[in-house]
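Note sheet for the following structure.
No value in this document is a laboratory result; all are computed from the given coordinates. Small disclaimer: the values here were computed from a predicted structure and weren't measured.
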């Protein structure tokens, strides 16, 4: 199974502003992407620690909303690591609503 990946880009540096923009600008795009696939990995660029809470909450809520489809998120900037994580998630049927950080 080839994983579906949606790269979330261009968010502000501050956690509150990034969360607000994600929900205002990206949420419907994510929902539209989920309509066409069974497994989706959102990809976020690395950010300070205070982004973890809103990102995890968003992916958990998306996973609940999309069930039995699966949604997870990957944080990273190394393309090979992101691809490996997305492929692994696509083959792991019991994993959904998770936020995984990867690097080289």
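Computed quantities for the displayed model
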{"quantity": "Value of [θ]222 nm, deg cm²/dmol, for the chain, DSSP H segments ≥ 4, -39500 (n - 2.57) each, nearest 500", "calculated": "-12500 deg cm²/dmol"}
{"quantity": "Sequence-separation-based contact order of the chain, relative, with Cα cut under 8 Å and 6+ spacing, percent", "calculated": "31 percent"}
{"quantity": "Correct choice for volume of the Cα convex hull per residue in Å³ that was computed from the model, options [x] 112; [y] 99; [z] 88", "calculated": "[z]"}
